Amino acid sequence: MDIQKIKETVLKKDFYKRVLVILLGVFLLALTYNLFLYPYNLVIGGTTGLSIVVEPLFGWDPQIFLYVCTCILLVVSFLLLGVKRTGISIVGSLMYPVFISLTKPLASFLNQYIVLDNMVLVVLAAGLLYGLGYGLVYKMGFDTGGSDIVVRIFNKFFHMPEGRCALFIQGAVVLVGAFVFGINQMIYAILILVIYTGIMDRIMIGISNSKLFFIHTKELNKVEDFILHELHTGVTILDMEGGFSKKKSNILMCVVPNKDYYLFKEAILEVDPNAFFVINDCYEVHGGVKAQNLPFI
């Protein structure tokens, strides 16, 4: 199996459609920067946050700083990570500072009509738009470069987990923002981080509309028959072995719509009061024969 060929095939799939989506995402990020982050001194990490603090510290123009950082980090990425690893960052990296320049007049126009006199509303709006923008970018398999490139470099050469490295970089930049603009602005920035991370996750993986059940029961045949013929939903039988007892047995796996979760669980317990459940959120079901998902009330 040629793993590299598979990766290339995946990245080329619907390429132009994905580029259009990432451009929409970058546009939302840039608009959020000009509408909320820069005007309200909200330093949320990465090169975006640094661009806001360099102006009061050194008198540097934030947009020029972003252009310079983008060029430097892309060159470093080419040298240290290679062309293929850098490819996912090129579009977002180059378009982000460009869109910041292009959306500045639009943000100035909108600010005449969008008047938020409460910082809570500013935080909510910034978190929502930023999360939506980043969610669209990451969902298409791209990123916007910046600190993402730094994270990948640290991961490759120092074997630092990407999540931990990203948290460290964001935290360091947010602390610099607190030093420059005060604790209040830091707290607002942290709230935006929490909000946009949650929104970004929902955009990337969706909202769970089903529950995945793993059911261990001594009444396997009865429960299976009940699921198939009374609840009218699909079921899969999996082989298992107890970790302590080493006894071999079977478990049932099935996906149930959220609206049927309670009735499904209670109905199974009526068949076998001693049934053992493990229940997870299910974000996507793909392929195979779809269950009928008929109501069973």
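The values are calculated or read from the model by the stated rules, or taken from the named source; none is laboratory data. Note that this is a predicted model, so its numbers are computed, not measured. Neighbour counts are summed over all protein chains in view; Cβ atoms, including those assigned to glycine, are modelled from backbone coordinates with ideal geometry. To get the accessible areas, we keep the full protein, side chains included, count just its heavy atoms, and leave off ligands, DNA and RNA. Shrake-Rupley method; radii C 1.70, N 1.55, O 1.52, S 1.80 Å.
Quick check on my filter: what residues within the stretch 13-49 are within 20 Å of Leu121 (Cα to Cα), part of a loop (DSSP other than H, G, I, E, B) and either without any contact (Cβ under 8 Å) to a residue 24 or more places away in the chain or of a type in the set (Ser, Thr, Tyr) (or both)?
If the condition is that a residue be within 20 Å of Leu121 (Cα to Cα), part of a loop (DSSP other than H, G, I, E, B) and either without any contact (Cβ under 8 Å) to a residue 24 or more places away in the chain or of a type in the set (Ser, Thr, Tyr) (or both), then Tyr38, Tyr40 are the ones that fit.
Pairs, please: C-beta under 7 Å, at least 6 apart or cross-chain, first residue of a type in the set (Ser, Thr, Tyr) and in the stretch 272-297, second at pLDDT 50 or above?
Taking only residues 6 or more apart or on different chains, the pairs are Tyr283/Ile205; Tyr283/Gly206; Tyr283/Ser208.
Being farther than 30 Å from Gly49 by Cβ and surrounded by fewer than 15 Cβ atoms within 10 Å (Cβ to Cβ): is that true of Asn184 here?
So Asn184 fails the test.
Of the numbered conditions (1) modelled with pLDDT of 80 or more; (2) more than 18 Å from Tyr283 (Cβ to Cβ); (3) not aromatic (Phe, Trp, Tyr), His232 satisfies every one except a single condition; which is it?
(1) is the only condition that His232 fails.
Can you find even one residue in the stretch 217-238 that is closer than 30 Å to Val21 by Cβ and either part of a helix (DSSP H, G or I) or charged (D, E, K, R) (or both)?
Checking the stretch 217-238: not a single residue is closer than 30 Å to Val21 by Cβ and either part of a helix (DSSP H, G or I) or charged (D, E, K, R) (or both).
Does the stretch 261-280 contain any residue that is outside any helix (DSSP H, G or I), at pLDDT 85 or above and either under 30 Å from Gly171 (Cα atoms) or basic (Lys, Arg) (or both)? Full working, then the answer.
Pass one, the stretch 261-280, residues outside any helix (DSSP H, G or I): 272-280.
With the extra rule that they be at pLDDT 85 or above, the set shrinks to 272-280.
Narrowing further to those that are either under 30 Å from Gly171 (Cα atoms) or basic (Lys, Arg) (or both): none.
Within the stretch 261-280, not a single residue is outside any helix (DSSP H, G or I), at pLDDT 85 or above and either under 30 Å from Gly171 (Cα atoms) or basic (Lys, Arg) (or both).
All but one of (1) open to solvent by 20 Å² or more (accessible area, probe 1.4 Å); (2) in contact (Cβ under 8 Å) with a residue 60 or more places away in the chain; (3) among the aliphatic types (A, V, I, L, M); (4) in a helix (DSSP H, G or I) hold for Ile100; which doesn't?
For Ile100, the failing item is (1).
Please state which one of Leu136, Leu129, Leu106, Leu124 is assigned to a helix (DSSP H, G or I), at pLDDT 90 or above and open to solvent by 80 Å² or more (accessible area, probe 1.4 Å).
Result of the check over Leu136, Leu129, Leu106, Leu124: Leu124.
Within the stretch 1-29, can you find the residues that are modelled with pLDDT of 90 or more and more than 18 Å from the chain's Cα centre (by Cα)? Show your work before the answer.
Going residue by residue through the stretch 1-29, those that are modelled with pLDDT of 90 or more are 20-29.
Selection gives Leu20 alone.
Are there any pairs, at least 6 apart or on different chains, whose C-beta atoms fall under 8 Å, with the first in the stretch 80-95 and under 18 Å from Lys139 (Cα atoms) and the second open to solvent by 40 Å² or more (accessible area, probe 1.4 Å) and at pLDDT 90 or above, and if so, which?
Thr86/Phe78; Val91/Leu23; Met95/Leu23
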